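Q: Dumping the structure here so I can ask a few things about it.
Quick note: the coordinates plus some simple rules give every number you see, no bench work behind them. Remember, it's a predicted structure, so these values are computed and weren't measured experimentally. Note that we place each Cβ from the backbone using ideal geometry, even for glycine, and neighbour counts take in every protein chain shown.
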């Protein structure tokens, strides 16, 4: 293996893969370094939605859309205080290039999409879902990179950026207990994802009380943020996180869509079929994703559901966010369970009440969870049976319910500060959902960048030879809509690869 390349890309998630491919297409020699045994990153475990305006899929559906309207709608997702911190010029620049990136993915990698699907408050459908799922990005890019001769090095952790005469000139790598250096003639691009599972960084930027809350991706450690900071980069919006929120633990079995072909003739046939699927079939597919990826609705607690720890005790005011998630992370094994009685089960078995949703696309009810996630959903007419199957103390749970129901009857606030619920929990059949954990889905902080994807220092000057894309290079944007993080990973990777390859 050579010890020098035109471009070095650190991180093999969606942004890194797109950047390596884009740079190689410009004729650059590229090394892609991935710390894990295989590329994929957070992209590899995502649903794979790509939200953009002015796409050929929209035009095919008779939708006249544009990035200006999209920018207006995106500004409505986050609350006003967060939105005020958004880097609007950079986000507008991103949205202006998102549709062309989606077309690029289809044309270059022959990826297939279905949609567009709606997501309020977007004024029109903009969400495009890749078939069969996000692993298609990872597989197709790897095949394309090998065809272009890109050097992919896995199990390689970058420990330091090298500098010569004020310019980033390469990286120091740790691999299998050995250390070596690789030189970059044109530059280094950081595409290492977020820091949602780095407790020290979460505590430093978000607050010590959040330290115990984990990230959805256990390998999201913010290593690129740390590398950038070591050479003087400015990091922005580091306290902004998507979450914490409660999510059911993923099943031990591989999700069904992960078994579907992501390349070859079979994948192309699947894409052709997906575009012609009836709505009810698409709905069933999305429901499977809902019960795996989406969080239980807060309305469950507002209507009377309670949280239990592994002892069968309540431990928090379930109506209070984020104190609820902080408290869950402090319970034994960081897990808890949602308890629903017969009244709640009936309510959450049909519209307008649902356990989880992808708004205006699909809704998952009690029966969906019993059918699709029996590993985290128990139903019985007897509480004792549920306790036995989950290892909860029936006597403790019985006492917990008596105390909760006493406050309901008396109309009093309980010891956790929760006002009395409207109805007691006292009728079967009972449903126990869980375990649930508190997670950060992603973090929104990243290195400050310009529209050439150059990383900026504390004085907003470009650090020569250093670039960033994806979550490591969010640049102060607030992306509070489904499908925007994948769109940014691919768009920033594509454009940053072009800039990196053109660097003298």
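Q: Taking a spot 7 Å from the Cα of residue 72 along the direction of its beta carbon, which residues of segment 114-129 have an amide N less than 15 Å from it?
A: The answer is 121-125.
Q: OK, next. Sorting 65, 375 on the 10 Å Cβ count, fewest up front, what's the list?
A: By the 10 Å Cβ count, ascending, the order reads 375, 65.
Q: In whole angstrom, note down how far apart the Cα centers of segment 63-118 and segment 210-226 are.
A: Distance between centres, Cα-based: 26 Å.
Q: Which shape class applies to segment 131-185: rounded if a/c is under 1.5, otherwise prolate when a/b exceeds b/c and oblate if not, where a ≥ b ≥ c are the square roots of the Cα gyration tensor eigenvalues?
A: prolate
Q: Then there's this: For the pair residue 380/residue 298, report the inter-label distance in nm, with labels modelled 7 Å from Cα in the Cβ direction.
A: 3.3
Q: Can you classify segment 393-451 as rounded, prolate or oblate using the Cα gyration tensor, where a ≥ b ≥ c are the square roots of its eigenvalues, rounded means a/c under 1.5, and otherwise it's prolate if a/b beats b/c and oblate if not?
A: Here segment 393-451 falls in the prolate category.
Q: What is the fewest-to-most order of 195, 180, 205 by other Cβ atoms lying within 10 Å of their Cβ?
A: 180, 205, 195
Q: Under the classification rounded if a/c is under 1.5, otherwise prolate if a/b is larger than b/c and oblate if not, where does segment 89-223 fall, given a ≥ b ≥ c as square roots of the Cα gyration tensor eigenvalues?
A: Oblate.
Q: Sticking with this one: Run through the DSSP bridge list for the chain and note the antiparallel percent, rounded to the nearest 5.
A: 70
Q: On to the next question. Pairs of Cα atoms under 8 Å, at least six residues apart: use those to get the relative contact order of the chain, whole percent.
A: Averaging sequence separation for qualifying contacts and normalising by length gives 25 percent for the chain.
Q: Using a 7 Å offset from the Cα along the Cα-to-Cβ direction at both residue 92 and residue 108, what is the distance between the two label points in nm, to one decimal?
A: 2.6
Q: While we're on this one: Give, in nm to one decimal, the length gained when the segment between residue 462 and residue 180 is fully stretched (0.36 nm per residue of separation minus the Cα-Cα distance).
A: Between residue 462 and residue 180, full extension yields an extra 98.8 nm.
Q: Related question: Hey, what did segment 46-124 get for relative contact order, percent, Cα under 8 Å, at least 6 apart?
A: With pairs under 8 Å counted, the relative contact order is 43 percent.
Q: Return the calculated 222 nm mean residue ellipticity for the chain, to the nearest 500 deg cm²/dmol, obtained by summing -39500 (n - 2.57) across DSSP H runs with n ≥ 4 and dividing by the residue count.
A: Counting only the DSSP helices, I get -10000 deg cm²/dmol.
Q: So, one more: Roughly how many nanometres apart are two label points built 7 Å out from the Cα toward the Cβ at residue 153 and residue 394?
A: Spacing of the two 7 Å Cα→Cβ label points: 6.1 nm.
Q: Which order results if 314, 390 are arranged by neighbouring Cβ count within 10 Å, fewest first?
A: If I rank by nearby Cβ atoms, fewest first, I get 390, 314.
Q: Let me ask something else. Please find the FRET efficiency linking residue 311 to residue 143, where r is the Cβ-Cβ separation and R0 is fixed at 41 Å, and quote it to the nearest 0.05.
A: 0.25
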